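Trainee: This is the structure I want to talk about, given as structure tokens.
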């Protein structure tokens, strides 16, 4: 029993663990191999109501607890990082609404995300604005009761499959952060002037849809603006505080999945007449992998608990959780490949996929370098 | 940045004790010129903290392991010598009595320990048996209503200053041939060597404990004969959580020094190594949460062997790495003997060694994962 989780969280974790093992694990290699977006996994999430996890009950969600969501993400990521990301992004796309939406906007848009009837995405990055989102070029011009948005967004997870997309654009191009506003595109794939080009050739999370969005005079009703004009950057940053522990949970799951596989392998694999698990060189590697993974879990759960407690320290600990979990995923999956040796290097075994999947967690939703800047800035300010 | 846990009233008492009793002596302790270990425990007793885990009916504070680790971390942030003195007194020195002691033993000793009148020690390690406790040679021979103990214990925290030692001695062969005894330092045949000159933790006494024909009443055997190894391992499971807390405090103290130095550099227009600071903070925060988790497991009555080993391994590796970075970030002043980063750097290393080296923690963790 994990004393950090309540009964409901433990129950949901166990349920998701079973679904992941029985239904998703057998699909993981194929999803990675074809690179096709796994709509069957989306259907599975809908059937088991997993899309409800990021959302509060008043909008059709479950508990809205970040800790509950993140233990579910961890379980999914143990077997398939691509599948876990579908749930991560459903939350990511919903948070701008939850954080800054009016009652009317939330009641109108969140229930269909919580049921999974619609998929969501979050469009902040641009070709020239990654770690520096305030430098974005996408423009939103007001015309009466509408805004007209023009520009391009890059690396948008689920950008080619999502219906409800939060887009950040400059309403005042002369300002940096203060000039950014947030808008919700509904039924995005069918909007006039909207085009999503799916990006192929990724190192990992190959079944995940990653797209470049072209916005050519896309019309959005003013009623779909989140907050006031100029609130967009603040909303974007608060969303990342909330979502980074989810990416961290994905990284944690990848690490745990690789560790579990390496442990099983080390017990079975015989060399020099005994299981390689009996060699101290392997034992010490496994012990360090376990300690690092446990430390990452401690931070993911803590940051999640702080979100649930509405703590003002969330941003700081969300950055720490993301940094530690992502670096741990990279280290642990690399070591898992090492323990499997030649077998680890080929796609007949899952650990090379896990190692490839781990890398993105050090990059998206703020690179590990950006997390360090966030953390150090907090320390130096104090 | 940290968010407090545990009892609020006790938290206030801990903060007050650290300000009043630890801060004024920290620099002297680090030089080995501070008050004796017993005096530190007496001061803790005056603040009602020398028996933080001991039930109130025995004169203690009736706190949880969550309170205990908060106490150790808070002290260690200021001075690691005082932290290890208090940690050993409270955990491996007192807990075996709480867990395995009978009512007679508890009523005779717990009050004195909890009020800080007596200092407790824990004597398992020997010159030829550190990580391998089964190789123990000190033996206890039954003679009527007493046992006669002969042997020597090595690297004993508080040796020469403690009033009561929990001593592991051989009553038979193998792991089931070890028994635990409550040995008073005033008894004939008990003596201690001169405190060793250590790399760090200069305010904490460490030395040899010699047992030369010491007659220990059978009433002072802790638990059933032959269960001493169980007593010792149980004490170490929980003790390792305390060492983890000490390591977190040392890391935090080192980080505090690095932050102060970095702010000065920034204000002077110099570059600041933000990457190093962030990594120090991230690892320290994770070590703190692992330690809290392990303490919460103890409080929930769960077996903590694996999670205590994980916390100890991660937290103590962290305190050494963080202290080393602090020395780098505070250079050149940190080359001086009494610079806060230098003190932490020297003190930190012991945490990777005592209460089971980190190699032993890795063996414990690997056994859990890879064993049948």
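Trainee: Would you pick out the residues in segment A:279-294 that are assigned to a helix (DSSP H, G or I) and either surrounded by fewer than 16 Cβ atoms within 10 Å (Cβ to Cβ) or more than 10 Å from chain B (Cβ to nearest Cβ) (or both)?
Mentor: A:280, A:281
Trainee: Are there any strands (runs of 3 or more DSSP E) wholly within segment A:171-276 with 1 or more residues that are over 23 Å from residue A:100 (Cα atoms) and modelled with pLDDT of 95 or more, and if so which?
Mentor: Filter on segment A:171-276 gives A:194-198, A:210-221.
Trainee: Consider only pairs whose beta carbons are under 6 Å apart and that are at least six residues apart or on different chains; among these, list those whose first residue lies in segment A:1-24 and is within 14 Å of chain B (Cβ to nearest Cβ) and whose second residue is surrounded by fewer than 19 Cβ atoms within 10 Å (Cβ to Cβ).
Mentor: These pairs meet every condition: A:3/B:300.
Trainee: Can you report the number of residues in segment A:107-134 which are outside any loop (DSSP other than H, G, I, E, B), closer than 19 Å to residue A:153 by Cβ and free of Cβ contacts under 8 Å to residues at least 24 places away in the same chain?
Mentor: Counting residues in segment A:107-134 that are outside any loop (DSSP other than H, G, I, E, B), closer than 19 Å to residue A:153 by Cβ and free of Cβ contacts under 8 Å to residues at least 24 places away in the same chain gives 1.
Trainee: Then there is this: If only one of B:240, B:266 is farther than 30 Å from residue A:374 by Cβ and within 14 Å of chain A (Cβ to nearest Cβ), which one is it?
Mentor: When all the criteria are applied, what remains is B:240.
Trainee: Determine if segment B:67-84 includes at least one residue that is free of Cβ contacts under 8 Å to residues at least 60 places away in the same chain, out of contact with any strand residue (DSSP E or B) (no Cβ under 7 Å at 6 or more places or on another chain), part of a loop (DSSP other than H, G, I, E, B) and not assigned by TED's automatic domain parsing to the domain that holds residue B:348.
Mentor: no
Trainee: Hey, residue B:192 hits all of (1) under 20 Å from residue B:161 (Cα atoms); (2) outside the structural domain of residue B:153 (by TED's automatic domain parsing) but one; which does it fall short on?
Mentor: Of the numbered conditions (1) under 20 Å from residue B:161 (Cα atoms); (2) outside the structural domain of residue B:153 (by TED's automatic domain parsing), the odd one out for residue B:192 is (2).
Trainee: With B:92, B:148, B:134, B:88 as the choices, which residue is touching a strand residue (DSSP E or B) at 6+ places or on another chain (Cβ under 7 Å), surrounded by fewer than 23 Cβ atoms within 10 Å (Cβ to Cβ) and within 21 Å of residue B:211 (Cβ to Cβ)? Don't jump to the end; show me each part of the working.
Mentor: On the way: B:92 fails: surrounded by fewer than 23 Cβ atoms within 10 Å (Cβ to Cβ); B:134 fails: touching a strand residue (DSSP E or B) at 6+ places or on another chain (Cβ under 7 Å); B:88 fails: surrounded by fewer than 23 Cβ atoms within 10 Å (Cβ to Cβ).
Exactly one of B:92, B:148, B:134, B:88 is touching a strand residue (DSSP E or B) at 6+ places or on another chain (Cβ under 7 Å), surrounded by fewer than 23 Cβ atoms within 10 Å (Cβ to Cβ) and within 21 Å of residue B:211 (Cβ to Cβ), namely B:148.
Trainee: Could you go through segment B:7-17 and let me know if any residue there is in a loop (DSSP other than H, G, I, E, B), more than 14 Å from chain A (Cβ to nearest Cβ), over 17 Å from residue B:94 (Cβ atoms) and at pLDDT below 95.
Mentor: yes
Trainee: Ok, one more. Kindly indicate whether any position in segment A:231-246 is more than 11 Å from every other protein chain (Cβ to nearest Cβ), surrounded by fewer than 21 Cβ atoms within 10 Å (Cβ to Cβ) and touching a strand residue (DSSP E or B) at 6+ places or on another chain (Cβ under 9 Å).
Mentor: yes
Trainee: Something else: Considering only segment A:342-363, I want to know if a residue exists there that is at the interface with chain B (Cβ under 8 Å from one of its Cβ atoms), touching a helix residue (DSSP H, G or I) at 6+ places or on another chain (Cβ under 7 Å) and touching a residue at least 40 places away in the same chain (Cβ under 8 Å).
Mentor: no
Trainee: Moving on to the next point. So residue B:4 fits all but one of (1) surrounded by 23 or more Cβ atoms within 10 Å (Cβ to Cβ); (2) at pLDDT below 95; what number is the exception?
Mentor: (1)
Trainee: Scan segment A:311-328 and give yes if some residue there is out of contact with any helix residue (DSSP H, G or I) (no Cβ under 7 Å at 6 or more places or on another chain) and within 11 Å of chain B (Cβ to nearest Cβ), otherwise no.
Mentor: yes
Trainee: How about segment B:91-188: which strands (runs of 3 or more DSSP E) wholly inside it have at least 2 residues that are out of contact with any helix residue (DSSP H, G or I) (no Cβ under 8 Å at 6 or more places or on another chain) and over 22 Å from residue B:72 (Cβ atoms)?
Mentor: The qualifying strands (runs of 3 or more DSSP E) are B:139-143, B:146-157.
Trainee: What's the number of the condition residue A:366 fails, among (1) surrounded by fewer than 21 Cβ atoms within 10 Å (Cβ to Cβ); (2) outside any helix (DSSP H, G or I)?
Mentor: (1)
Trainee: Would you mind stating whether residue B:244 is crowded, with 23+ Cβ neighbours inside 10 Å and over 21 Å from residue B:81 (Cβ atoms)?
Mentor: It is false that residue B:244 is crowded, with 23+ Cβ neighbours inside 10 Å and over 21 Å from residue B:81 (Cβ atoms).
The values are calculated or read from the model by the stated rules, or taken from the named source; none is laboratory data. In this text, all values refer to a predicted model and were calculated from it rather than measured experimentally. Note that we place each Cβ from the backbone using ideal geometry, even for glycine, and neighbour counts take in every protein chain shown.
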